[in-house]
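The values are calculated or read from the model by the stated rules, or taken from the named source; none is laboratory data. Fair warning: this is a prediction, and the values are worked out from it, not measured in the lab. All Cβ positions, glycine included, derive from the backbone under ideal geometry; neighbour counts span all protein chains shown. Accessible surface is based on the protein model in full, side chains and every heavy atom, while ligands, DNA and RNA are left aside. Shrake-Rupley method; radii C 1.70, N 1.55, O 1.52, S 1.80 Å.
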Amino acid sequence: IVEGAPLSGKSHVLRELVQDLAEDDAFAALYVQADGGADLFQMLADLLSSALDWPLTRDEARHWLQIRARASGPALVLVLDHLGRGDGDLRKDIEALTSNVFGPGVRVVLAVDDGAAGGLLKKATGRGASALAPRARRVKVGPLDDGEFQAARRWLSERRIGLMAGARYSADLRHPWVLRVMANDVFGAEKHRDETLTATLSPLPGLDLLDSV
C-alpha cells in the first residue's frame, strides 16, 4: 500500500514501478485507474476487453486472474491507482486477490490517500483488523527528504534550472508537485529555449503558482 497526501507523488511512484517491472523478466505489470468504479473485476474486464477487442465479463476476468495466479512464468502485478476509500465490493475484491484462493502469481500494489489505508486494514465495522491487514506492507510517500531533494536539484540543474541558496530550507519546495508546477512554467517559457540561459526558481512559491494550479 503506497499512501500519502493528495498530490504527494503516489502516481509517479507507481509509474516508475511499472517502468522498472517492464525490464524485469520475473514480473509483468498491469496498471489500473481504480477511481472509475467500485468493482475491481469489472474494471479489469473492461480494460482487457478494450485491449483485446473482445468482450469479457466480470466473471471471466476473475477466472483469468485465478488461472494466471497459479501459472508458471512472470508474476502479474496489479497496480491500482487512485483507489479511494476502498469500501464495499472493492475491499472484498482486493482481499480475495491477496488470499490463497488465487495464488502467488498475482501481486497487488495500491495507491491511497492518507487515512484510507487505515480504513482498508480495519473491518468494515471499524473494530479489529481486516483480512488484508496481515498481508499488507505500507509505504509512506511524504515530502522529499534531503537525499531526494538533492536528486531533484541535480535533475533540474541538468535542464538549466537552478534553486536559490537556502532553497533546501523551504518546506514548500519539499513537495514534489510544487517543484513540478514551478519547473513546468520554466519549460514552457520562450526564453528557456535559449540554451545559453539558466533559470532560477524562487525559494518561496508566489501567486503564479496558484495561477498555474
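Are any residues in the range 157-179 without any contact (Cβ under 8 Å) to a residue 40 or more places away in the chain and farther than 12 Å from Pro205 by Cα, and if so, which ones? Matches in the range 157-179: Ser157, Glu158, Arg159, Arg160, Gly162, Met164, Ala165, Gly166, Arg168, Tyr169. Being on the phi < 0 side of the Ramachandran plot, at pLDDT 90 or above and in contact with an Asp or Glu (Cβ under 7 Å, 6 or more places away or on another chain) holds for only one residue in Pro74, Pro143, Pro55, and it is Pro74.
Mind checking which residues of the range 181-197 are of a type outside the set (Asp, Glu) and touching a helix residue (DSSP H, G or I) at 6+ places or on another chain (Cβ under 9 Å)?
From the range 181-197, those of a type outside the set (Asp, Glu) are 181-184, 186-189, 191-193, 196-197; that's our starting set.
Val181, Met182, Ala183, Asn184, Val186, His192, Leu197 - these are the residues of the range 181-197 that are of a type outside the set (Asp, Glu) and touching a helix residue (DSSP H, G or I) at 6+ places or on another chain (Cβ under 9 Å).
Of all the residues in the range 1-21, those that are closer than 13 Å to Val77 by Cα, of a type outside the set (A, V, I, L, M) and under 10 Å from the mean Cα position of the chain (by Cα) number 1. Of all residues in the range 181-213, those satisfying the criterion of being hydrophobic (A, V, I, L, M, F, W, C) and surrounded by 11 or more Cβ atoms within 10 Å (Cβ to Cβ) are Val181, Met182, Ala183, Val186, Phe187, Ala189, Ala199, Leu201, Leu204, Leu209.
Return the only residue of Asp39, Asp89 being touching a residue at least 24 places away in the same chain (Cβ under 8 Å), charged (D, E, K, R) and in contact with a helix residue (DSSP H, G or I) (Cβ under 7 Å, 6 or more places away or on another chain).
Details: Asp89 fails: in contact with a helix residue (DSSP H, G or I) (Cβ under 7 Å, 6 or more places away or on another chain).
Residue meeting the stated conditions: Asp39.
Here Asp89 meets the list (1) out of contact with any Asp or Glu (no Cβ under 6 Å at 6 or more places or on another chain); (2) open to solvent by 60 Å² or more (accessible area, probe 1.4 Å); (3) more than 30 Å from Asp172 (Cβ to Cβ) almost entirely, failing just condition (1).
Would you check if Trp155 is part of a helix (DSSP H, G or I) and either open to solvent by 80 Å² or more (accessible area, probe 1.4 Å) or of a type in the set (Ser, Thr, Tyr) (or both)? Working first, answer last.
Working: part of a helix (DSSP H, G or I): yes; either open to solvent by 80 Å² or more (accessible area, probe 1.4 Å) or of a type in the set (Ser, Thr, Tyr) (or both): yes.
Considered against the rule, which asks whether it is part of a helix (DSSP H, G or I) and either open to solvent by 80 Å² or more (accessible area, probe 1.4 Å) or of a type in the set (Ser, Thr, Tyr) (or both), Trp155 comes out as yes.
Could you tell me how many of the residues in the range 158-200 are within 27 Å of the chain's Cα centre (by Cα), part of a loop (DSSP other than H, G, I, E, B) and farther than 20 Å from Lys10 by Cβ? Final tally of qualifying residues: 4. In the range 98-125, of all residues being open to solvent by 70 Å² or more (accessible area, probe 1.4 Å) and assigned to a loop (DSSP other than H, G, I, E, B), the one that is nearest to Gly73 (Cα to Cα) corresponds to Pro104.
In the condition set (1) part of a loop (DSSP other than H, G, I, E, B); (2) of a type in the set (Gly, Ala, Ser); (3) in contact with a helix residue (DSSP H, G or I) (Cβ under 6 Å, 6 or more places away or on another chain), Ser72 is compliant with all but (3).
Quick grid of which residues meet (1) open to solvent by less than 40 Å² (accessible area, probe 1.4 Å); (2) among the charged types (D, E, K, R):
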| residue | (1), (2) |
| --- | --- |
| Glu3 | yes, yes |
| Lys10 | yes, yes |
| Ala26 | no, no |
| Val32 | yes, no |
| Leu40 | yes, no |
| Leu44 | yes, no |
| Leu52 | no, no |
| Glu60 | no, yes |
| Arg70 | no, yes |
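One residue stands out among those in the range 126-143 that are open to solvent by 90 Å² or more (accessible area, probe 1.4 Å) and assigned to a loop (DSSP other than H, G, I, E, B): the one that is nearest to Thr98 (Cα to Cα), which is Arg137.
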